[in-house]
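A.B. asks: Could you have a look at this structure, given as structure tokens, before my questions?
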Amino acid sequence: MKRRCLVALIITVSVLALLLPEGPPGGSRAGAAATVFGPTVTGPYPTGSPTFGGTLYGTSFNLSTVGYERSQFFLSGTARSYVPTGPLNPDGKWSVTTAASAPYTTRIAVYRPSDPRKFNGTVIVEWLNVSGGTDDSPDWTLSHNELVREGFAWVGVSAQQVGVDSAKSTDPHRYASLSHPGDSYSYDIFSQAGRAIRDDATQILGGLRPRRLIAAGESQSAVRLMTYIDAVQPVANVYSGFLVHSQFGTGAPLSQAPQAVYSAPTPTTIRSDLRVPVLEFETETDVANSNLTDRLFYGNPKLFRLWEVAGSSHYDYYGLTIGPTDTGNGRGAVKNLAAMQHQGPSSFGCTMPVNSGGTHWVLDSAVHWLNRWVAGGPPPPTAPPLETSGSSPVTFVRDAYGNALGGARSPQVDAPIAALTGLSGGGPSFCFLFGTTVPFSAMQLNNIYPSHSQFVSAWARAIRRDISSGFLLPSDGVELLRSAVLSPIGR
């Protein structure tokens, strides 16, 4: 009898093990997530202007005009640094353990639908970028139209010391209590922010119930996400998926001064045994600067996609000029198309007109597909790599109009009115990241599109192809087609 009961118990436990979910959405194990401390959450606190009083740069319009609201919270706790227990090899299969610990207080910014019924269950958690010396939100700026359209919530995390120090110096009264122990602790702070969003959703998200957390980061933040993915995600298991946007083929230091220095190798690749989806989104600028000879060999093939975008730059005219005020009413597409022919003087003093390609619209599609994938849907389309010759430096193979071949495509390169590259056009500051736009002359345009209707038809065919390929969303296609109809090309 006892033996039969024992067998029955074993069978019951085995069946339950098969039926019960393994952990948080995206395949993470809940048991490991318990290693991440839960911070103390306070707030919401007043945000000041749409740019948080000059302490967070991104969109500058009132979010209520698109049915969203903003708030901010402080997170306080004890963060831990990580050190390797073995070599940090290029394959990303790193083993780490916690080391020193230190107290911290940081802030998170929250944008969410005002109507809870419009929330799609996914929170994009952006590692705020500090390359400019302040907290910036490039992924929100570039993809906010898609995030609003589908009802995402967005949380920006001040994970690094530069962002916290900038907020304190810009608005010492509001941010006097913030304290950051250094970037060796940034990875655990980012994990704790994710846990707080799950555990304290009633407070942070106004009662919205998050089902998925997708971590995102652009440029310097993407480099830190590479290290986070390889070192921390396997032991923390906080995030359901990752959008790695514009990294240069390496990771950030796992630990840095004043702690022991452990630098990431070059190249750093995404470990192939990761159990959550990753979409890596790369521009011509990033590919040219990474100098990787084989750009498709890393990552779990079942859970990894790499999109290299033709005619794109690390950051561009849309992100710099249009995105901050684009409410999704279609005017952004009109302005961007016009900028391919005529740009005003660059506020950065760049020698040539900066890139005005279709990166923003391709990124919208990447966000859409990644979210479906993380939610259990089909994976994103596979993009061919950009066609290159040589590796040091990378040279792109271009068509007769000067636009790159291969990669994820947009109407801006498939029915062009300018040559768009991610290569430096010269100038001070960050101009080397902004690429170039070389407008076609009136004679060139007339030879390609003898009439306005021919241009619109060519643009419409390119839109249909790009929607069919999965690199453009139908709603964005409508916006882009309207911009072509309203343009003066061929008139």
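Values in this text are rule-based calculations from the coordinates and carry no lab data. Keep in mind it's a predicted model, so treat the numbers as computed, not measured. Glycine gets a Cβ as well: all are built from the backbone with ideal geometry, and neighbour counts include every protein chain shown.
A.B. asks: Near Ala201, within a Cβ-to-Cβ distance under 15 Å, what is the net charge of the other residues, with Lys and Arg +1 and Asp and Glu -1?
C.D. replies: Result for the local shell: +4.
A.B. asks: How long are the semi-axes of the ellipsoid equivalent to segment 47-116, from square roots of 5 times the Cα gyration tensor eigenvalues, in whole Å, largest first?
C.D. replies: 37, 16, 12
A.B. asks: With a Förster radius of 41 Å, plug the Cβ-Cβ distance of Phe37 and Ser429 into 1/(1 + (r/R0)^6) and report the FRET value to the nearest 0.05. It would help to have the intermediate numbers written out before the result.
C.D. replies: Numbers: r = 39 Å, r/R0 = 0.94.
It comes out at approximately 0.60.
A.B. asks: If packing is taken as the average number of other Cβ atoms within 10 Å across a peptide's residues, how do 428-439, 324-335 rank, most packed first? Please report the intermediate quantities before stating the final value.
C.D. replies: Details: 428-439: 19.8, 324-335: 17.8.
Ranked from most to least packed, the peptides come out as 428-439, 324-335.
A.B. asks: Take Asp316, Asp273, Asp200 and order them by how many other Cβ atoms sit within 10 Å, fewest up front.
C.D. replies: On the way: Asp316 30, Asp273 10, Asp200 16.
So the ranking, lowest neighbour count to highest, is Asp273, Asp200, Asp316.
A.B. asks: Also, quick follow-up: Bin by bin, in steps of 20 Å, what percent of the Cα pairs in the chain do you find, going until the bin that has the longest distance?
C.D. replies: For the chain, the binned pair fractions read 24, 56, 18, 2, 0 percent.
A.B. asks: Are there any helices in the chain, counted as whole DSSP H runs, that stretch 20 Å or more along their axis by Cα and score at least 1.6 on average by Kyte-Doolittle, and if so which?
C.D. replies: The qualifying helices are 2-19.
A.B. asks: Kindly put Phe281, Phe61, Phe248 in sequence by how many other C-beta atoms sit within 10 Å of each C-beta, fewest to most.
C.D. replies: Phe61, Phe248, Phe281
A.B. asks: Another one. Would you mind estimating how fast segment 117-217 diffuses translationally, via Stokes-Einstein at 25 °C and 0.890 mPa s with the Kirkwood radius over Cα pairs, in µm²/s? Intermediate results must be reported in sequence, preceding the final value.
C.D. replies: On the way: Rh = 14.4 Å.
D, rounded to a whole number, is 171 µm²/s.
A.B. asks: Residue separation times 0.36 nm, minus the C-alpha to C-alpha distance between Leu486 and Asn62: what's the value?
C.D. replies: 149.9 nm
A.B. asks: Where in segment 467-488 is the amide nitrogen less than 19 Å from a point lying 7 Å along the Cα-to-Cβ axis of Asn329?
C.D. replies: Answer for this model: 476, 478-487.
A.B. asks: Stretch Ala442-Arg209 to full length: gain in nm at 0.36 nm per residue minus the Cα-Cα span?
C.D. replies: 78.5 nm
A.B. asks: How far, in nm, would the chain grow between Ala338 and Arg398 when pulled straight, counting 0.36 nm per residue and subtracting the alpha carbon separation?
C.D. replies: 19.3 nm is the gain from fully extending Ala338 to Arg398.
A.B. asks: In cubic angstrom, how much convex hull volume per residue do the alpha carbon atoms of segment 369-417 span?
C.D. replies: 104 Å³
A.B. asks: Rounded to the nearest 0.05, what FRET efficiency is calculated for Arg275 and Asp200 with R0 set to 22 Å and r the Cβ-Cβ distance? Provide the component values of the computation, followed by the final result.
C.D. replies: Values: r = 25 Å, r/R0 = 1.15.
Result of the calculation: an efficiency of 0.30.
A.B. asks: What ranking, highest mean first, results for peptides 161-173, 204-216 when packing means the other Cβ atoms within 10 Å averaged over each residue?
C.D. replies: On the way: 161-173: 17.6, 204-216: 20.8.
Descending packing order for the listed peptides: 204-216, 161-173.
A.B. asks: Same structure, new question: Cross-link partners among aspartates and glutamates for Lys93, C-alpha distance below 13 Å, same-chain residues fewer than 8 apart left out?
C.D. replies: Counting by Cα, and skipping residues close in sequence, Lys93 has these aspartates and glutamates nearby: Asp230, Asp273.
A.B. asks: Kindly state, to the nearest 0.05, the FRET efficiency for Ser131 paired with Ser453, given R0 = 45 Å and r defined as their beta-carbon distance.
C.D. replies: For Ser131 and Ser453, the calculated efficiency is 0.55.
A.B. asks: Say each of Arg464 and Ser263 gets a label point 7 Å from the Cα, pointing the same way as Cα to Cβ; how far apart are those two points in nm?
C.D. replies: So the two model labels end up 5.3 nm from each other.
A.B. asks: At 7 Å along the Cα-to-beta-carbon direction for both Thr97 and Asp171, put a label point, then send me their distance in nm to one decimal.
C.D. replies: Those two pseudo-labels are separated by 4.2 nm.
A.B. asks: Also, I was wondering about something else. For the residue pair Ser475 and Phe348, what label-to-label distance in nm results when each label sits 7 Å from Cα along the Cα-to-beta-carbon direction?
C.D. replies: 2.9 nm
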